[in-house]
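Undergrad: This is the structure I want to talk about, given as structure tokens.
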Amino acid sequence: MAVATNVDNIDMGTTVWMIASTALVFLMIPGLGYFYSGMVRSKNALSLVFLCMMALAVVTLQWVIWGYSLALSETATNPFIGNLKHWLFLDVSYKPHPNAPTVPGIVYAIYQCMFAALTPGLAIGGAAERIRVMPTIIYTFIWTTLVYDPIAYWVWAPNGWLFKLGVLDFAGGCAVETASGFAALAFYFVLGKRRGFGEEKWQPHNYLNIILGFSFLFFGWLGFNAGAASLASGRAGIAFMTTVVASATAGLVWVALAFRTEHKFSSFHFCSGAVAGMVCVTPAASYVSTWAALPMGVIAGICCYYAIGLNLRLGIDDCIDVFAVHGVGGLLGVFLTGIFANKSVIELDGTVSAGGLINGNGRQLYIQLAALAASAGWSFVVSFIVLKVMNYFPIFRFRVDPDAEEHGLDFTELGEAGYSFMREIAEIHASPPSTRSSIRSFQETTSLKDPKKDMPVIKESVSSGLLTAATTPTTPSVH
């Protein structure tokens, strides 16, 4: 239920906490880039960090131009999309938004901007290692306008149809997790598989990047889930605790499941499971008791782990498991919120609620299912249409050509290298033959030349995760 706003209700403690949480969520964006970069081959690592940071820049401008007004306008009367009252952030200043009645409106607006900026970065991971940068930048602006903003309006705006229906989605199970997961699936159906998918065995090239990125994600997620919760009532503390418990539980479950088949412990599996746990608990973070994060973590760990295996059996190239973790995890989280939402927790700050199934409110499950169907369906269909229409025009074609995919996006799209020795390889092969012959001791570069672009072709050694130079570009290393 929307709350009347009054500048006299602004609380400095809550305001400072939301500003701090905004900074925490910001850290998730480069963290996501590093997390993704470690999971792909080294020749594509830098491009993913770059695309995540570009999403931050593009969405920030979109949010100021019209995104905030379309997604969270408190004066729009229709149930599907906001108006343009706040375009260019007009009248966004000290007066609080109904969703955050104790902080200035401008603080709430920039806090929500970080959510919007993170979401397309999540979806882009589904097209990793084969996507052009320029069309992706344009798509990010369009996707945020046509997909993220409407779903956010439905769920969080005072007159959104799901908000009025009574959906429980505290921090983005629909607009962030489910929307990004199904947008990533749309990327697969438009772009297709990576070259060599199903024929070569790839593994992450940098596990330290994965752990570093996960650490930033975990740190930022505490602000993501707890930032908008009431400090005085203790709901922010509950959101903190449920996030930590669900993440830890899902991470341990995932490691145990992987150990059954691989007979080794894996940092990568732990990080993936922990992220799945946080995804699942996001819509419930401040609606459930701490104990409920345990079963939610277990369910997320099991279901998302097997969703990855199902993708592989179906031949779906979900490159960074965006759909399996964020799409499936988001669906689970929104549904399980309808089961575990606790009336006594929600009402700590005066919010009126009937709770979920554990309070005897079975109707809440139907509302949550409606939210799932609407957000997943809208995200997939609209994403697919936008991708198809843009892909029709050669200038906006999303997929890189085969040579560029072989060389790696860092070189072909950015002209840069994520690692110094990779830059040295590129410089060596751009140099005259006399200079090149004097440095043949650098063994990874011997006999390495592309007949069309004179660029290095970088391959991954699947047994060690180290870079090796391929003397025959068309014959990748297979393990």
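The values are calculated or read from the model by the stated rules, or taken from the named source; none is laboratory data. Just so you know, these numbers come straight off a predicted model, no measurement behind them. Glycine gets a Cβ as well: all are built from the backbone with ideal geometry, and neighbour counts include every protein chain shown. All accessible areas refer to the heavy atoms of the entire protein, side chains included, with ligands and DNA or RNA removed. Shrake-Rupley method; radii C 1.70, N 1.55, O 1.52, S 1.80 Å.
Undergrad: Given 0.36 nm per residue, what is the gain on full extension from T290 to M53 after removing their alpha carbon distance, in nm?
TA: 82.0 nm
Undergrad: Can you order the peptides 54-64, 91-101 by their average number of other Cβ atoms within 10 Å per residue, highest first?
TA: The packing order, highest mean first, is 54-64, 91-101.
Undergrad: Note the per residue figure in Å³ for the convex hull of the C-alpha positions in the stretch 227-336. Before the final figure, lay out the partial values.
TA: Numbers: hull volume 10.0 nm³, N = 110.
Roughly 91 Å³ of hull volume per residue.
Undergrad: So, R0 is 25 Å and r is the distance between the beta-carbons of A23 and I385; what FRET efficiency does that work out to, to 0.05?
TA: E between A23 and I385, to the nearest 0.05, is 0.10.
Undergrad: Full-extension gain between D403 and L165, please, as 0.36 nm times their residue separation minus the C-alpha to C-alpha distance.
TA: 80.6 nm
Undergrad: Taking 0.36 nm per residue of sequence separation and subtracting the Cα-Cα distance, how much length would be gained by fully extending the chain between N6 and F197, in nm to one decimal?
TA: 63.1 nm
Undergrad: Set the Förster distance to 56 Å, then compute FRET efficiency between D91 and Y207 from the Cβ-Cβ distance, nearest 0.05.
TA: Efficiency, from the Cβ-Cβ distance: 0.70.
Undergrad: Work the Kirkwood hydrodynamic radius out for the stretch 46-189: mean of 1/r over every pair of different alpha-carbon atoms, inverted, in Å.
TA: Over the stretch 46-189, the inverse of the mean reciprocal pair distance is 15.3 Å.
Undergrad: Whole angstrom only: what separates the Cα centroid of the stretch 309-359 from the Cα centroid of the stretch 1-59?
TA: 21
Undergrad: If you don't mind, there's one more thing I want to ask. Taking all protein chains in place and a 1.4 Å probe, what share, in percent, of the accessible surface of the stretch 25-125 do carbon and sulfur account for?
TA: Whole-percent figure for carbon plus sulfur exposure: 77.
Undergrad: Now a separate question. Applying 1/(1 + (r/R0)^6) with R0 = 30 Å to the Cβ-Cβ distance of E416 and F393, what FRET efficiency is obtained, to the nearest 0.05?
TA: 0.65
Undergrad: Suppose we look only past 22 Å in the calculated P(r) of the stretch 172-250. What percent of the Cα-Cα pairs does that tail hold? Walk me through the numbers on the way to the answer.
TA: On the way: 1539 of 3081 pairs.
Counting every Cα pair in the stretch 172-250, those more than 22 Å apart make up 50 percent.
Undergrad: To continue, here is another question. Each label point is 7 Å from the Cα along the Cα-to-Cβ direction; what then is the distance between the points at S344 and F265, in nm?
TA: Simple spin-label model gives 3.7 nm for this pair.
Undergrad: Okay, moving on. Kindly report the accessible area of the chain per residue (heavy atoms of protein chains, probe 1.4 Å, no ligands, DNA or RNA), in Å².
TA: 39
Undergrad: What is the spin-label model distance, in nm, from L61 to N78 if the labels are put 7 Å beyond Cα along the C-beta direction?
TA: Taking the two extended label points, one gets 2.7 nm.
Undergrad: Follow-up question, since we're still on this one. How big is the Cα convex hull of the chain in projection, averaged over all directions, in nm²?
TA: 22.5
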